[in-house]
Amino acid sequence: MRRTPSRRLVAAAVLAASVLAPMAVVPATAATHAVAVGRPDGGDCPQGGLGRKTDARLDKAIADVRKQASIPGVVVGVWMPGKGCYVRATGVADTTTRKPMRTDFYSRIGSETKTFTVTALLKLVDAHRIGLDDPISKYVPGVPNGRHITLRQLAEMRSGLFPYTADADFIHTLLSDPTRSFTPRQLLPYGFKHKNTFEPGTQFQYSNTNLILLGLVIEKVARTSAVDFIDKQVLHPAHLHHTLLPSNAWFPEPHAHGYTNQTLNGEVADSTNWNPSWGWTAGAMISNLHDLRRWAKIVATGELISPKTQAQRLKTLPTGFPGLSYGLGIFNANGWIGHNGSIPGYESVTVYLPSQKATLVILINTDITYQGQEPSTLLARAVTSVITPKNVYDGSVALKPLSTQTP
């Protein structure tokens, strides 16, 4: 399904191109790599396998969704203590050269960035340098109704601030030159020129404006860049050596090409080298399967913050999406805790199921929706229907077009 950019610029990295011909459907039988390329899984799944029957069901479920939604390449990692693991890369990383997808690729992770940004914020809470119920006006001037919007409400998407990524001028400016750089201060006016959509704390509305503001709070209080603070206070102690918040379009090798139809003419484009600076602390991060496997448990169990603060992060509230509740930069989708991400050309899901200590990571190289649904959500639903039928992932915070960001 093809959509014009005014109707969809995904809100998960925002949830948010030299133009190519429309992307061809990749056969479900395209090249498959299972943890064989230089031990790309870092030894996390040295033997592999959740059992022959389960593996076969997963292979088929993933292949069916890939074919149905025309997804070029897919990486899936499942780890279930006591049962085994399943790590596969299927399809292609480049629709022209047919280079196969690999499990050691870096990928843009879109709105999964929010879990890192909010963790950094909560480190400042634990250090008693900020309070979650402080008003944003204490740190950033000029925020509409800023005296009555708290940091907590920003993190839980209940501020009422208009999402800058839903502004028509922003969309046109970005897609007119997707390689340009934006600063946080250049992004906020696109949202601030609109009236707030509701009174703080009364509703849920996914808005990247919230996370840009939290990035600025981190910088003001820590007196350093958000990039450096997240690196030193989150990535380093978590031992995430392949995760970064870039300040430009730099994309470490190896990585897959990304494909999107979020273009001015609605045609499919290669967005691999588009500049994600417009997503900043809301959606610009890069990671890989190995690091996200580690991060899924760390963020869901609160290893980097105090138990009291973690309890506040996990206090989720209804979103209006069935089966999905949202806490402080994190969601609960039928028991699976974590976040999804979407940015032009790439999507991801990183979630942890505490009841079974299970981890699921999905990385794909397209964000083109299928019948209004994100392809990563379709994959996560299919995979969890096999591995955890009592806890089927059926949530995404990026299902709405940019022009209608309310549930």
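The values are calculated or read from the model by the stated rules, or taken from the named source; none is laboratory data. Note that this is a predicted model, so its numbers are computed, not measured. Virtual Cβ from ideal backbone geometry, glycine too; neighbours counted across all protein chains shown.
What the table below lists for this structure:
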read-out: Any hit, the stretch 263-271, residues being out of contact with any strand residue (DSSP E or B) (no Cβ under 8 Å at 6 or more places or on another chain) and of a type outside the set (V, I, T); value: yes
read-out: Any hit, the stretch 132-139, residues being closer than 30 Å to Y86 by Cα and among the β-branched types (V, I, T); value: no
read-out: Cross-chain or 6+ apart pairs with Cβ under 8 Å, the stretch 355-381 first and among the small types (G, A, S), then part of a helix (DSSP H, G or I); value: A358/I387
read-out: Enumeration of residues in the stretch 102-160 that are of a type in the set (S, T, Y) and either surrounded by fewer than 23 Cβ atoms within 10 Å (Cβ to Cβ) or not in a helix (DSSP H, G or I) (or both); value: T103, Y106, S107, S137, Y139, T150, S159
read-out: Members of the stretch 260-305 found to be farther than 21 Å from F331 by Cβ, assigned to a loop (DSSP other than H, G, I, E, B) and among the small types (G, A, S), listed by number; value: G266, S271
read-out: Matching residues in the stretch 219-233 - criterion: being touching a Lys or Arg at 6+ places or on another chain (Cβ under 7 Å) and over 16 Å from V140 (Cβ atoms); value: Q233
read-out: Pairs where the first residue, in the stretch 184-204, is within 12 Å of W278 (Cα to Cα) and the second is of a type in the set (V, I, T) and outside any loop (DSSP other than H, G, I, E, B), C-beta under 7 Å, 6+ apart; value: P184/I212; L187/I212; L188/T209; L188/I212
read-out: Test: residue in the stretch 92-103 that is among the charged types (D, E, K, R) and at pLDDT below 95; value: no
read-out: Some residue of the stretch 310-331 being part of a loop (DSSP other than H, G, I, E, B) and closer than 19 Å to Q68 by Cα; value: no
read-out: Any pair with Cβ under 9 angstrom, 6 or more apart, that starts in the stretch 225-251 at a residue that is over 20 Å from I298 (Cα atoms) and ends at one that is at pLDDT below 95 and of a type outside the set (A, V, I, L, M, F, W, C); value: S225/S247
read-out: Qualifying position, being buried (at least 24 other Cβ atoms within 10 Å of the Cβ) and hydroxyl-bearing (S, T, Y), among S287, S306; value: S287
read-out: So K53, is it at pLDDT 95 or above and either under 30 Å from T272 (Cα atoms) or polar (S, T, N, Q) (or both); value: no
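Yes/no matrix, rows are residues, columns are (1) out of contact with any strand residue (DSSP E or B) (no Cβ under 6 Å at 6 or more places or on another chain); (2) modelled with pLDDT of 55 or more; (3) farther than 26 Å from S355 by Cα:
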residue: D367; (1), (2), (3): no, yes, yes
residue: Q371; (1), (2), (3): yes, yes, yes
residue: S376; (1), (2), (3): no, yes, no
residue: R381; (1), (2), (3): yes, yes, no
residue: K390; (1), (2), (3): yes, yes, no
residue: Y393; (1), (2), (3): no, yes, no
residue: S396; (1), (2), (3): no, yes, no
residue: K400; (1), (2), (3): yes, no, yes
residue: T404; (1), (2), (3): yes, no, yes
